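*Asks:* One structure, pasted below without further comment.
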Amino acid sequence: MGSHGSESPSAEKAELTAVLDSLRHIIRALRLSSSAVEKAHGVSGAQLFVLGELASGKRYSIAELAARTATDPSSVSVVVARLVQRGLVDRHVSPDDARRAEIAITPAGSVLLREAAPPVQLKLIAALADLPADELAALTRGLGRVAAAVGAEGPAPMFFEPESDRPSRRKA
């Protein structure tokens, strides 16, 4: 463990335990929320989260949805593909640019969204947004270093979305 100046080893251990406990609580809340919505409605928490971003009826591109969900576009694309398969969202060609696909919620998606409890991701994002800027910056740096140390860098899937169905970027 790194030194924190005048902190004793037992204080450092208590702080480390508190950080791990907080991570466990956050991961558990996300996992339980995703599991409950999957059991009740047949969609993952990530799919519900994307549906929520489409609730206004506005059409968004994959890049816009990625920005709105603070996620990599390739991850959002996988989630959207599953929602399209279920008939919960539709892809449309943009009337302004035929090269641009836009995603919109369907009536079935709106019904599901009304019936489901809000995803925990919304609370997580709100809690992070409420942090003072210096705390959020420190958390960003610290978690980035931890992710790198455990080899978990690069684009990340949305919470509890399987990675096996992600499109491959390898060339044949």
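*Asks:* Of everything in region 95-110, what is free of Cβ contacts under 8 Å to residues at least 24 places away in the same chain, in a helix (DSSP H, G or I) and surrounded by 12 or more Cβ atoms within 10 Å (Cβ to Cβ)? Give them in sequence order.
*Replies:* Going through region 95-110, the residues free of Cβ contacts under 8 Å to residues at least 24 places away in the same chain turn out to be 95-99, 106-108.
Next, from what is left, pick out any that are in a helix (DSSP H, G or I): 107-108.
Residue satisfying the conditions is Ala108 alone.
*Asks:* Could I ask something else about it? Can you pull out every residue in region 36-57 that is in contact (Cβ under 8 Å) with a residue 40 or more places away in the chain, of a type outside the set (A, V, I, L, M) and over 16 Å from Arg86 (Cβ atoms)?
*Replies:* Result: Gly57, single match.
*Asks:* Something else about it: List the pairs whose first member sits in region 147-172 and is on the phi < 0 side of the Ramachandran plot and in a loop (DSSP other than H, G, I, E, B), whose second member is acidic (Asp, Glu) and at pLDDT 75 or above, and whose Cβ atoms are under 7 Å apart, counting only residues at least 6 apart or on separate chains?
*Replies:* Close Cβ pairs (under 7 Å, with a partner that is acidic (Asp, Glu) and at pLDDT 75 or above) amount to Pro155/Asp72; Ala156/Asp72.
*Asks:* Of all the residues that make up region 18-36, how many are over 15 Å from the mean Cα position of the chain (by Cα) and either closer than 24 Å to Leu113 by Cβ or β-branched (Val, Ile, Thr) (or both)?
*Replies:* Of the residues in region 18-36, 2 are over 15 Å from the mean Cα position of the chain (by Cα) and either closer than 24 Å to Leu113 by Cβ or β-branched (Val, Ile, Thr) (or both).
*Asks:* Starting from residues that are without any contact (Cβ under 8 Å) to a residue 40 or more places away in the chain and not in a helix (DSSP H, G or I), keep the ones in region 66-89 and report whichever is nearest to Leu48 (Cα to Cα).
*Replies:* For region 66-89, the residue satisfying everything is Val89.
*Asks:* Output yes when any residue across region 143-152 is among the hydrophobic types (A, V, I, L, M, F, W, C), within 18 Å of the chain's Cα centre (by Cα) and at pLDDT 95 or above, and no when none is.
*Replies:* Checked against the condition, which is being among the hydrophobic types (A, V, I, L, M, F, W, C), within 18 Å of the chain's Cα centre (by Cα) and at pLDDT 95 or above, region 143-152 yields no hits at all.
*Asks:* Do the conditions hold for Ala70, that is, is it under 16 Å from Gly45 (Cα atoms), modelled with pLDDT under 90 and out of contact with any Lys or Arg (no Cβ under 6 Å at 6 or more places or on another chain)?
*Replies:* yes
*Asks:* Does region 21-33 contain at least one residue that is assigned to a helix (DSSP H, G or I), in contact (Cβ under 8 Å) with a residue 24 or more places away in the chain and under 24 Å from Pro107 (Cα atoms)?
*Replies:* Yes, some residue in region 21-33 is assigned to a helix (DSSP H, G or I), in contact (Cβ under 8 Å) with a residue 24 or more places away in the chain and under 24 Å from Pro107 (Cα atoms).
*Asks:* Quick check: is even one residue across region 42-60 farther than 30 Å from Ala98 by Cα, aliphatic (A, V, I, L, M) and assigned to a helix (DSSP H, G or I)?
*Replies:* Among the residues of region 42-60, not one is farther than 30 Å from Ala98 by Cα, aliphatic (A, V, I, L, M) and assigned to a helix (DSSP H, G or I), which makes the answer no.
For every residue, the table says whether it meets (1) surrounded by fewer than 14 Cβ atoms within 10 Å (Cβ to Cβ); (2) at pLDDT 90 or above; (3) of a type outside the set (Lys, Arg); (4) more than 15 Å from Val120 (Cα to Cα).
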residue: Met1; (1), (2), (3), (4): yes, no, yes, yes
residue: Gly5; (1), (2), (3), (4): yes, no, yes, yes
residue: Ser8; (1), (2), (3), (4): yes, no, yes, yes
residue: Glu12; (1), (2), (3), (4): no, no, yes, yes
residue: Ala18; (1), (2), (3), (4): yes, yes, yes, yes
residue: Asp21; (1), (2), (3), (4): yes, yes, yes, yes
residue: Glu38; (1), (2), (3), (4): no, yes, yes, no
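The values are calculated or read from the model by the stated rules, or taken from the named source; none is laboratory data. None of these values were measured; they are calculated from a predicted model. Reconstructed Cβ throughout: ideal geometry from the backbone, glycine too, with neighbour counts over all protein chains shown.
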